[in-house]
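Each remark here refers to the structure printed beneath this line.
The values are calculated or read from the model by the stated rules, or taken from the named source; none is laboratory data. Everything numeric in this text was worked out from a predicted model, so none of it was measured. When we count neighbours, we look across all protein chains shown, and the Cβ atoms used for this are built from the backbone with ideal geometry, even at glycine. Calculation scope for accessible area: heavy atoms of the full protein, side chains included, ligands and nucleic acids excluded. Shrake-Rupley method; radii C 1.70, N 1.55, O 1.52, S 1.80 Å.
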Amino acid sequence: MRDADLRREATAVLLGNWERGHTVPSRRLYPHQWSWDSAFIAIGWAHASPGHGRRELESLLAAQWADGRVPQIVFNPAVARDAYFPGPDFWRSRDVPGAPRRETSGIVQPPVHARAALEVHRAAPTLGRRFLRRVYPGLKAQHDYLLRHRSDGDGLVTIVHPWESGQDNSPAWDAELTRVTADVEVLAGHRRHDLDHVDATERPTAADYARYVAIVETYRDHGYRDEPGAHHFVAVDPLFNALLAWSEEALAEIADVIGEPSEPHLERAGAIRDALLARCYDRGAQHFFALDRHGARVPEHCVGGLAPLVLDLPTDVVDALVAGMSGPRFALNDRVPLPSYDLTGPAFDTTRYWRGPAWINTSWLVLRGLERHGRHTEAATLRAAMLNAVRQEGFREYFDPRTGAGRGVADFSWSAALTPDLLATAPTPAPRPLTVAPS
Ligand code: 9WN
């Protein structure tokens, strides 16, 4: 398929998923607005229509809570209340002082929004300056909430639900989840609609869902206040923290454009980067690991452990991460994007969504990291893999990490959204040496 056709198809998916001010990740499986999806989607809109990108981010920020949290899900009142589980009647944000009028969930997702806002601005800089002025306070408040209320006390921020990582059933959360006692009976009054759209072997198990529900119920009983006893689950995710630091760098650039002080943002970005290196980076394993609630490293190699590449890192760390992704665990190649989890790991599963399958957004983040560090050969290989996957299988939610077969739902928004970005940033091929005809 020609690049122009692929770009057109990607834009058609975004238009098909556009829903008056935001883009649903999937019409069938995810019929509302999701937080980090909107950031990746806005990056796609920046290429096709920056105006849509601005509305995408502003509609999400319109549902920001008074304490600064940007919710994981913003529910569309026009969609049936039980179309997605857990829906608005489970989260009950309407009962919480400081929650917005629009119903939302009460947890967050990885903060990649300031980065997205900067990219949308760059696509249309003249118009964008006013946009940046409008979104800057909300983006800053989003980061302030995380740094104030979710600090682990040692330079990093915690997540309090696996859904907050965006890598929901990653093996990195298994040990912490076993602390949560929940009977699958808690699911009795609810219906999981995800299983209507995707095979059960690809989704989290009933035991996982029972725990997900139990963690929310306790947080909800505490009015979603981050206070002692509110959290059954606590972990530090390297991807979440890397994106927070990367977005702080973006906030510094935004601050420059609109005449606000940028230095505090750069300082915050540097401090998070230093803490990631000191606490999550394992020199022996040459990988960034998640931390459990006590700050101990969880030695599972997940793709999120490559995400700190988006930051400024010492050369030896970059070399080690690139060696790790090229080795048997992640098997960098030009056909299938990076697996979400170690191909050789004990919990590896080719089908269950964050326990092996390859996702476009996480590979895109690693690609940005490779480009930042001038690793153009590996970047070209990874870009080729991502484009190959969507060309062969369409804009699927994720892909079998060994065969590249498309899995999850079709017409998944961020797989479509990041494609025009891959096509736009593809480096011009190196000039081939001219063959001099023998005289
Ligand atoms: C729960 C919307 C979201 C993504 C997550 C992905 C999946 C939801 C679910 O879909 O999670 O948030 O029901 O599985 O894991 O990263 O944001 O696309």
Over the range 217-360, the quotient of the Cα radius of gyration and 2.2 N^0.38 Å is 1.19
Expected field for PHE75, accessible surface area in Å² at 1.4 Å probe radius, rounded to 10, holds 10 Å²
Of all trypsin sites (Lys or Arg not before Pro) in the range 1-72, the ones in DSSP coil with at most 12 other Cβ atoms within 10 Å are ARG2, ARG20
Cα-based Rg and Dmax for the chain, in Å, come out at 20.8, 85
Rounded to the nearest 10 Å², the 1.4 Å probe accessible area of THR344 is 80 Å²
Trypsin sites (Lys or Arg not before Pro) in the range 100-162 lying in a DSSP loop, each with at most 11 other Cβ atoms within 10 Å of its Cβ, come to ARG101
From most to least accessible, 1.4 Å probe, no ligand or DNA/RNA atoms counted, ASP319, ASP208 line up as ASP319, ASP208
Descending accessible area (1.4 Å probe), largest on the left, turns VAL120, VAL184, VAL96 into VAL184, VAL96, VAL120
Expected field for ASP152, accessible surface area in Å² at 1.4 Å probe radius, rounded to 10, holds 50 Å²
accessible surface per residue for the range 38-110, probe 1.4 Å, DNA/RNA/ligands not counted, whole Å² -> 35 Å²
Rounded to the nearest whole number, the per residue volume of the convex hull around the C-alpha atoms of the range 121-262 in Å³ is 162 Å³
Here the range 1-126 gives, from Cα atoms, an Rg and Dmax in Å of 15.0, 52
Using eta = 0.692 mPa s and T = 37 °C, Stokes-Einstein with Kirkwood Rh from Cα pairs puts D for the range 256-325, in µm² s⁻¹, at 247 µm²/s
Descending accessible area (1.4 Å probe), largest on the left, turns SER170, SER59 into SER59, SER170
With GLY305 itself left out, Lys, Arg at +1 and Asp, Glu at -1 over residues whose Cβ is under 11 Å from its Cβ give -2
